[in-house]
Ligand code: C2E
Ligand code: MG
Ligand code: MG
Ligand code: MG
């Protein structure tokens, strides 16, 4: 009996595994296809604001996949497959191109008066060779965007595989004026020497610390330490995942200059952005931002 059950369980497991693998392969083929049209993969934009004035300081671009059959798929579902298959290289390039075109259009329409930076998430795979350098800078030139507009967000884990090559590629990006941001700071390996070696301009404090910054002593201590470190190294700091007004107040008091999160704006496609709110023309929200 138990043997039978065991065999049954095993079969079920195998079937599920096979279905998973088949599903992953199907998803991969579908992503490959999505990269050939311009409606399935959509850049969403989330505001980054100045913590003192509530003014728009930049946008982070986050990919959304509007799958024709499966519906909306979040990056956490397809990013691992995109990374494994190598499709992430195409996907990131596609997102950067769309976002740069969008930013140039906003400037042309007069939607953005001051200089607003564009944060783009970049997979570590881009640092496995030098090809990023060949297409990224010409693309910026093509859209008439100064290199300093672009802030490339990478995570710490990105830097562990190929430290020497990554350092050299990032150094060249920096020489051309591109800014580098370390994403999810505090959750990875947090080798502090990285900050200096990779010449980052910006640290993004992970939402894990932001979540409890108004109530938990440990989180406060960590955020305070990150801000002190950043100040000593001359880095800008963005706090991610800010959802409530008490968090805003706590972060502002600690001296964090840039904030991002649902409290200010959810990620939205270009045509859904609320410009009145982003520019503080909506009085109620402006009062809220500068409270
Ligand atoms: P991330 O770069 O750390 O982005 C922050 C994530 O937190 C995003 O999730 C964002 O939608 C979410 N978020 C923003 N504000 C809040 C908030 O107030 N509360 C909460 N709970 N969450 C908030 P999302 O869009 O699902 O993206 C997940 C991750 O996928 C990103 O983390 C990034 O690592 C990756 N990713 C997204 N788009 C791209 C892309 O185009 N290329 C690459 N290589 N990675 C991407
Ligand atoms: Mg990011
Ligand atoms: Mg992050
Ligand atoms: Mg993240």
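Computed from the coordinates by the stated procedures, all read-outs in this text should not be read as laboratory data. Here the structure is a predicted model, which means the values were calculated and not measured.
Roughly how far apart, in whole Å, are the Cα centres of the stretch 121-148 and the stretch 18-38? Computed from Cα coordinates, the inter-centre distance equals 26 Å. Helix 217-233 versus the longest principal axis of the chain: what is the Cα-based angle in degrees, 0 to 90, to the nearest 10? Taking the Cα atoms of the chain, the angle to 217-233 is about 70 degrees. Using Cα-Cα distances under 8 Å and only pairs 6 or more residues apart, what relative contact order does the stretch 150-291 have, in percent? Averaging sequence separation for qualifying contacts and normalising by length gives 17 percent for the stretch 150-291.
Scaled against the 2.2 N^0.38 Å expected of a compact globular protein of N residues, the Cα radius of gyration of the stretch 102-156 reads 1.27. Mind checking Rg over Rh on the chain, alpha carbons, Kirkwood formula for Rh? Dividing the radius of gyration by the Kirkwood radius yields 1.02. Relative to the longest principal axis of the Cα atoms of the chain, helix 163-175 runs at roughly 40 degrees. Only Cα sites of the stretch 149-225 enter the Debye sum here, all with the same form factor; the resulting log10 I(q)/I(0) across q = 0.16, 0.20 1/Å is -0.61, -0.85, listed in q order. How far is helix 2-34 tilted, in degrees, relative to the longest principal axis of the Cα atoms in the chain, given as a value from 0 to 90 rounded to the nearest 10? Between the helix axis and the principal axis of the chain, the angle is about 50 degrees. In plain terms, the chain from residue 133 to residue 101 could stretch by 9.7 nm, reckoned as 0.36 nm per residue minus the Cα-Cα distance. Within the listed set 162, 210, 154, the Gaussian network model of the chain (springs between alpha-carbon atoms below 10 Å) gives the highest mean-square fluctuation for 162.
Largest GNM mean-square fluctuation among 221, 82, 232, using the chain with Cα springs under 10 Å: 232. Semi-axes of the equivalent ellipsoid of the stretch 132-291 are 28, 23, 12 Å, computed as sqrt(5λ) over the eigenvalues of the C-alpha gyration tensor in descending order.
Relative contact order of the chain, taken over Cα pairs closer than 8 Å and 6 or more residues apart, is 19 percent. From the Cα gyration tensor of the stretch 217-262, with a ≥ b ≥ c the square roots of its eigenvalues, which class applies: rounded if a/c is under 1.5, or else prolate if a/b is larger than b/c, or else oblate? Taking the square roots of the gyration eigenvalues as a ≥ b ≥ c, the stretch 217-262 is oblate.
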